[in-house]
1. I'm trying to understand the selection: among the residues of the range 26-47, which are under 14 Å from G110 (Cα atoms), surrounded by 14 or more Cβ atoms within 10 Å (Cβ to Cβ) and not β-branched (V, I, T)?
2. List, please: which pairs have Cβ atoms under 8 Å, are six or more places apart or on different chains, and start with a residue in the range 91-117 that is surrounded by fewer than 18 Cβ atoms within 10 Å (Cβ to Cβ) and end with one that is assigned to a loop (DSSP other than H, G, I, E, B) and of a type in the set (A, V, I, L, M, F, W, C)?
3. Every residue in the range 45-85 that is under 30 Å from N29 (Cα atoms), β-branched (V, I, T) and out of contact with any helix residue (DSSP H, G or I) (no Cβ under 8 Å at 6 or more places or on another chain), please.
4. Run R9 past the list (1) touching a helix residue (DSSP H, G or I) at 6+ places or on another chain (Cβ under 7 Å); (2) surrounded by 12 or more Cβ atoms within 10 Å (Cβ to Cβ) and report the number of the one that doesn't hold.
5. Taking the options K7, K25, name whichever one is under 23 Å from E55 (Cβ atoms), in a loop (DSSP other than H, G, I, E, B) and either among the basic types (K, R) or at pLDDT 95 or above (or both).
6. Determine which single condition V70 fails, assuming it passes every other condition in (1) within 18 Å of E8 (Cβ to Cβ); (2) modelled with pLDDT of 90 or more; (3) not acidic (D, E).
7. Scan T126, T114 and give me the residue that is closer than 23 Å to K50 by Cβ and within 16 Å of the chain's Cα centre (by Cα).
Amino acid sequence: MIQEEPKERVRESTTDAANQSVDNKTLSNIQQFGYAGPDAIKSRLQDLDKEWDIEKTLEVNAASLALTGVLLGAFVNKKWFVLPGIVSGFLLQHGLQGWCPPLPIFRKLGIRTTREINEERTALKTLRGDFAPPLPASPKGLLETVRKN
């Protein structure tokens, strides 16, 4: 039995324009760092290790807003307690459906999924020689090869 690849819920819930923008930035990064030599690749890989993915961004944003709502509700006005309820609902919706109202905003800002970050990481490692050749001739060809594997 052939096992299906897990759905990319965030990409499926994101506009084509936002996905294309994210892909273009990834291709640009591969072009800029991948062909600039081993030191540039090493530096970029270190930056990728620090890059926040969409899940972390949503979680930290939700936790910050929820905590703010609780503090404001406790010390300013009880009406602020509605904020953690709304934020929790958004987080639940994202967990169940892969979409929530802040998602389009973060995607337009270029926040990538873990998979998208790992695609760039694998492409750069391939160019560095971590994997066996042959190598595709272009960043786009390289990204397509990474996505197939």
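The values are calculated or read from the model by the stated rules, or taken from the named source; none is laboratory data. A quick note: this is a predicted structure, and the numbers were derived from the prediction, not measured. Here the Cβ is made from the backbone with ideal geometry for all residues, glycine too, and neighbour counts use every protein chain on show.
1. Across the range 26-47, the qualifying residues are L27, N29.
2. Within 8 Å, the pairs are Q93/W99; Q93/C100.
3. Correct list: V60 only.
4. The one condition R9 does not meet is (1).
5. K7
6. Of everything listed in (1) within 18 Å of E8 (Cβ to Cβ); (2) modelled with pLDDT of 90 or more; (3) not acidic (D, E), V70 misses just condition (1).
7. Of T126, T114, the one residue that is closer than 23 Å to K50 by Cβ and within 16 Å of the chain's Cα centre (by Cα) is T114.
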